[in-house]
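The values are calculated or read from the model by the stated rules, or taken from the named source; none is laboratory data. All values derive from a computational prediction rather than experimental measurement. Using ideal geometry, Cβ is built from the backbone for each residue, glycine included, and neighbour counts are taken over all protein chains shown. Only protein heavy atoms, including side chains, enter the accessible area calculation; ligands, DNA and RNA are left aside. Shrake-Rupley method; radii C 1.70, N 1.55, O 1.52, S 1.80 Å.
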Amino acid sequence: MAGQPPALSFNTTFDAATGHPVTVAPGLVRITAPNAGPYTFKGTNSFIVGHDRVAVIDPGPDDDAHLMALTSTIAGRPVEAIILTHTHIDHSALVPKLKAATGAPVWSGGKHRLSRPRRLFEVNAVGGESDWGLVPDRVLQDGEHVAIDGITLEVIATPGHCANHLALGIAGTPWLLTGDHIMGWNSTLVSVPDGSMADYLHSLEKVIGLGYGHYAPAHGGSIEDGPDYARALLAHRQERNRQVVAAVNGGARKIRDLLAPIYPQLALPLHGAALMTLKAHVEYLVDRGLIGATYGPFGTTLFPSRA
Ligand SMILES: [Zn+2]
């Protein structure tokens with residue numbers, strides 16, 4: 001076994017240079033959209049990959065200034081594809097306009113879908129943020145390689161944040177485009193049934209095992225030592241799992257009862273996101289028999305494992 005995982009620390013110092021192209025690496029340019037917010041940090045990062053011919057990864061929100069910034073950076077070069085890391089609307093809403101402007105086909109990990117069927121009475125908290133109507137021209141498969149003007153993108157299925165999430169490796173370089181799967185400014189939102197904690201943890205392990213050292217996420221700045229940071233995220237989630245088991249064994253019976261012991265300092269506006277993440281941890285632990293739960297119209301009731 002390796003030693004202690006690195007401590008988790010977030011990097012919230014990011015000069016987004018919103019609307020301006022920033023060269024991250026040869027053939028990799030980032031343009032941040034003007035949609036800063038509590039879930040999007042400084043805004044969605046769109047990437048333009050290639051030289052004489054390009055692909056656009058994550059066009060971002062439906063915003064005319066961002067469309068102008070993308071098309072002026074593309075500067076008439078043929079666009080081979082519009083690629084989506086996933087189909088949340090802060091990544092995909094600009095697709096129809098960019099497709100009309102460039103004629104490029106849309107490639108993604110498939111139509112938006114849930115990580116598991118919705119339970120009776122269950123609300124999908126991020127259903128309104130998901131692009132249910134987007135049908136890709138091509139469904140990218142895990143492990144496939146696509147060539148864009150001499151640059152080869154490796155498609156890596158990374159479900160967890162949502163079911164159709166992809167990371168894209170730039171083969172032969174240290175760079176991995178991690179979408180919302182791994183971001184440096186915060187841990188990602190995992191909201192069931194849109195996402196899945198089990199899938200997310202598995203996708204973290206998967207990415208750690210690849211050869212990519214630098215991560216370029218869809219929100220916030222680049223992560224220099226990607227695998228170390230991903231190991232810290234994984235350890236953070238495993239610690240959360242232990243805290244949830246301890247809280248349930250200590251008498252917590254509702255998911256909201258977990259907030260005070262696990263997030264004692266949390267500001268009120270962040271309670272919604274914390275509850276979503278706790279629900280995902282609860283489901284993970286119930287599926288493994290580490291705690292028990294019943295699901296009803298008035299929410300989930302928790303109890304210690306009878307095993
Ligand atoms: Zn997302």
Seminar exercise, completed: Filtering the range 144-161 down to residues that are under 21 Å from Ser203 (Cα atoms) and either exposed (fewer than 15 other Cβ atoms within 10 Å of the Cβ) or hydroxyl-bearing (Ser, Thr, Tyr) (or both) yields Glu144, His145, Thr158
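Tell me the strands (runs of 3 or more DSSP E) entirely within the range 1-98 that contain at least 1 residues that are in contact with a helix residue (DSSP H, G or I) (Cβ under 7 Å, 6 or more places away or on another chain) and crowded, with 20+ Cβ neighbours inside 10 Å. Before the answer, list the steps.
Working: elements: 22-25, 28-32, 45-50, 54-57, 79-83.
Answer list for the range 1-98: 28-32, 45-50, 54-57, 79-83.
Would you confirm whether any residue within the range 70-83 is among the basic types (Lys, Arg) and over 20 Å from His181 (Cβ atoms)?
From the range 70-83, those among the basic types (Lys, Arg) are 77; that's our starting set.
The next check asks that each one be over 20 Å from His181 (Cβ atoms); those that pass are 77.
Yes, the conditions are met somewhere in the range 70-83.
Ala33: modelled with pLDDT of 95 or more and more than 15 Å from the ligand (Cβ to nearest atom), yes or no? Let's see the steps before the verdict.
Numbers: modelled with pLDDT of 95 or more: yes; more than 15 Å from the ligand (Cβ to nearest atom): no.
Criteria not met by Ala33.
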Problem set entry | Extreme residue, least open to solvent (accessible area, probe 1.4 Å), among residues of the range 99-123 that are more than 16 Å from the ligand (Cβ to nearest atom) and among the small types (Gly, Ala, Ser) | Ala104
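Would you mind finding the one in Gly143, Gly150 that is free of Cβ contacts under 8 Å to residues at least 40 places away in the same chain and either more than 13 Å from the chain's Cα centre (by Cα) or in the same structural domain as Asp58 (by TED's automatic domain parsing) (or both)?
Details: Gly150 fails: free of Cβ contacts under 8 Å to residues at least 40 places away in the same chain.
Matching residue, one of Gly143, Gly150: Gly143.
Among the residues of the range 202-217, count how many are under 22 Å from Val126 (Cα atoms) and either among the hydroxyl-bearing types (Ser, Thr, Tyr) or open to solvent by 10 Å² or more (accessible area, probe 1.4 Å) (or both).
Qualifying residue count, the range 202-217: 2.
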For this session: Give the residues of the range 99-117 that are over 12 Å from Ser191 (Cα atoms) and in a loop (DSSP other than H, G, I, E, B), sorted by residue number.
Result: Gly103, Ala104, Pro105, Gly109, Gly110, Lys111, His112, Arg113, Pro117
For this session: Would you be able to say whether some residue in the range 267-288 is in contact (Cβ under 8 Å) with a residue 12 or more places away in the chain and more than 22 Å from Gly160 (Cα to Cα)?
Result: yes
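Yes/no matrix, rows are residues, columns are (1) in a helix (DSSP H, G or I); (2) closer than 30 Å to Gly179 by Cα; (3) open to solvent by less than 80 Å² (accessible area, probe 1.4 Å):
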{"position": "Gly221", "(1), (2), (3)": "no, yes, yes"}
{"position": "Ala232", "(1), (2), (3)": "yes, yes, yes"}
{"position": "Gln238", "(1), (2), (3)": "yes, yes, yes"}
{"position": "Gln243", "(1), (2), (3)": "yes, yes, yes"}
{"position": "Arg256", "(1), (2), (3)": "yes, yes, no"}
{"position": "Gln265", "(1), (2), (3)": "no, yes, no"}
{"position": "Thr277", "(1), (2), (3)": "yes, yes, yes"}
{"position": "Gly292", "(1), (2), (3)": "no, no, yes"}
{"position": "Tyr295", "(1), (2), (3)": "no, no, no"}
